[in-house]
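Read through the structure below, which is laid out as structure tokens, and then see the notes.
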Amino acid sequence: MARNPIRGNVAIAGVGSTTYERDSGRTDLALGLEAAVRAIEDAGIDRQSIDGICGSGRDTFSEGQANYLAVQGALGIDETTWVLNAWLGCAFVYAVEAVASGLADTVLVVQTSMRGVTMSRSAVSDPFRVRAGKQGVQGAQSSGPLSPDPAQRWIHSGEPYAAWMGRYLAEFGATKEVFGRLAINNRSHASRNPAAAMRTPITMEDYLSSRPIWEPMQMLDMDVPVDCGEALIITTAERASDLKRPPVYVNAASLGGTRIGEHYEQGIAWDKLAPWAAMNGLWKRTDLTAGDMDIVFPYDGFTINAIGWIEAAGYCGSGEATDLLSESWDDTEQILRLGGHTLVSTNGGSLSHGRAGGSNYYAEAVRQLRGSEGERQVPGAGAALVGVGSFYHDPAAAILTSQP
Amino acid sequence: MSSDLALRDRAFARFEDVWLTQDNIAHYEGLLEQQLLINRCSNCGNWVYPHRPLCPECLSWELVPTPVSGRGHVYMFTLIRQGRRIEEGTYDPPRVVAAIELEEQAGLRYLSTVTGMTPGEVVVGMPVQISWSDAPADPYPSFVAVPADGE
């Protein structure tokens with residue numbers, strides 16, 4: 001067992017979300033601030049008690065995003081002792097680390113996601129975004145930043161995932177249906193979630209006939225671009241127990257680095273990708289098992305990501321998701337129950353709730369573990385597993401629980 | 001590693017959109033001369049790609065740009081149906097992007113394209129060999145199927 005100073009000491013005290021819209025007409029800063037204000041209200045804290053902020057973005061300034069400099073200024077928070085910008089699953093873990101280490105007692109995490117000009121027709125025609133792209137604002141350009149060595153000519157960051165999907169099909173003798181089950185599961189949950197961007201149920205025929213984008217990847221393998229913001233208040237377990245909402249505890253967390261580095265085609269093997277590194281680290285820090293989870297949130301930027309995270313989490317062996325998902329299929333509800341129990345992406349995931357870099361999984365996990373979701377409530381939800389991040393960078397795995 | 005300033009300047013000019021550094025310049029100079037150069041560790045023989053300055057196996061700095069045979073197999077690929085949406089509102093035509101695993105070393109993969117066949121004929125694992133364009137404006141190699149007789 002590895003050290004785990006997080007366990008029993010860190011909890012989530014507040015959660016706030018915006019609507020998920022295809023064309024909000026708002027800035028990511030506005031969306032991030034709305035989520036932040038909602039989370040602060042939800043936790044019932046004075047905003048001046050926030051002494052740490054994790055903003056949205058990948059560097060200190062992160063122009064065009066809800067970065068910590070902009071968020072702290074806009075919220076009028078006088079002083080902080082810990083700040084950072086991050087994205088994908090890592091943002092949550094960094095904030096948890098800050099509380100566990102004592103660099104901050106109460107951290108606000110703000111994550112925003114906007115329809116990008118490489119993935120959304122409406123974003124391409126948005127005059128503000130077109131102008132920002134010409135001005136070189138991060139996230140607004142029609143192509144990514146210079147790669148260290150673009151002999152690797154993946155044009156979009158998604159293409160290596162499409163190639164891995166093809167490799168998965170060939171190496172393990174799988175068919176597209178394994179990915180289709182995941183897409184249908186997520187849409188079935190989204191159809192019951194009023195907050196989801198895509199709520200019309202889909203069939204396997206719909207999935208298999210969706211438009212090819214980067215073969216073998218099709219439209220319904222890809223998450224849905226939206227404008228949205230999510231925020232969490234993370235604090236000590238002791239302080240959370242005095243606040244107005246039931247605390248949700250962080251049982252364990254792990255990041256995950258591999259020797260693949262920034263060259264996506266260099267992954268040594270399928271089960272050496274980053275989700276495995278993060279999950280291997282997680283299970284060394286907890287007594288809980290994959291089967292103990294009531295809900296799992298495998299990152300589904302693309303369906304191939306989710307298959308990787310499910311396998312990495314240990315619900316089945318490497319390359320064995322076809323059998324697992326077939327055996328786990330509830331044909332009446334058109335959803336998955338892994339091992340007959342664990343539900344998958346009850347909010348609809350990135351594929352159908354919306355593209356939020358996985359920040360929405362933490363929000364959904366908190367709400368379900370509080371038991372506050374009414375008709376959508378997962379009965380007796382006590383533990384949730386989140387696995388978020390790229391095959392190559394910024395992966396994180398975390399277990400949240402309703403009891404310390 | 002770059003001793004020929006004229007060649008370096010040609011690489012700077014031709015690969016305008018590539019972030020060229022002291023660590024990768026030899027590779028691009030090689031492309032201009034239709035040579036696929038990959039760094040090889042002269043201490044332990046390990047091939048080091050992408051072009052980083054240190055051998056990850058033995059931590060030697062003695063990396064030498066070295067020609068590879070140009071033979072390998074398709075490790076994975078995607079057929080890009082929908083390319084980058086550019087401001088005029090059109091898409092790039094469909095094309096194959098493939099990670100070619102070079103025969104010199106397991107896991108040594110070079111990102112390129114597969115030509116000389118319809119995209120639907122490309123399969124994971126197929127043997128390929130390097131092919132250089134006759135057009136001087138296109139310095140990037142592609143890979144083509146190895147003929148049935150093996151040569």
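No lab work stands behind these numbers, since they all come straight from the coordinates. Please read all numbers here as calculations on a predicted model, not as lab measurements. Here the Cβ is made from the backbone with ideal geometry for all residues, glycine too, and neighbour counts use every protein chain on show.
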Quiz item: What full-extension length gain, to one decimal in nm, is calculated for B:Ser60 and B:Asp4 as 0.36 nm per residue of separation minus the Cα-Cα distance?
Solution: 17.7 nm
Quiz prompt | Shielding by partners - mean other protein chain Cβ count within 10 Å, residues of A:285-296 | solution = 0
Practice problem: May I have the extent of the alpha carbons of segment A:280-332 along their three principal axes, as whole Å values ordered from largest to smallest? | Solution: 34, 23, 19
Practice problem: Using the 4.7 Å Cβ rule, please list in number order the cysteines from the protein assembly as shown without any candidate partner. | Solution: A:Cys54, A:Cys90, A:Cys228, A:Cys316
Quiz item: Any idea how far the Cα center of segment B:91-125 sits from the one of segment B:42-65, in Å?
Solution: 25
Practice problem: Between the alpha-carbon centers of segment A:1-31 and segment A:233-306, tell me the distance in whole angstrom. | Solution: 14
Exercise. Would you mind getting me the FRET efficiency between B:Val144 and B:Leu32? Use the beta-carbon distance for r and R0 = 25 Å, nearest 0.05.
Key: 0.75
Exercise. Please identify, among A:His189, A:His341, A:His393, the residue showing maximal mean-square fluctuation in a Gaussian network model of chain A using a 10 angstrom Cα cutoff.
Key: A:His341
Quiz prompt | Pairwise label distance in nanometres, A:Asp271 with A:Glu375, each label 7 Å out on the Cα-Cβ vector | solution = 4.3
Exercise. Could you give me the radius of gyration and the Dmax of segment A:223-306, taking only the C-alpha atoms into account and expressing both in angstrom?
Key: 16.7, 49
Exercise. With label points built 7 Å along Cα→Cβ from the Cα atoms of B:Glu121 and A:Thr175, find their separation and express it in nm.
Key: 2.7
Quiz item: For the protein assembly as shown, what is the Kirkwood hydrodynamic radius in Å, using each pair of distinct C-alpha atoms?
Solution: 24.5
Practice problem: List the residues whose amide H sits under 5 Å from the amide H of B:Ile100, counting only those 5 or more places along or on another chain, with H placed 1.01 Å from N in the peptide plane. | Solution: B:Tyr75, B:Tyr110, B:Leu111, B:Ser112
Quiz item: When we measure straight from the Cα of A:Lys284, which lysines land under 18 angstrom away, once same-chain ones fewer than 8 places off are left out?
Solution: A:Lys272
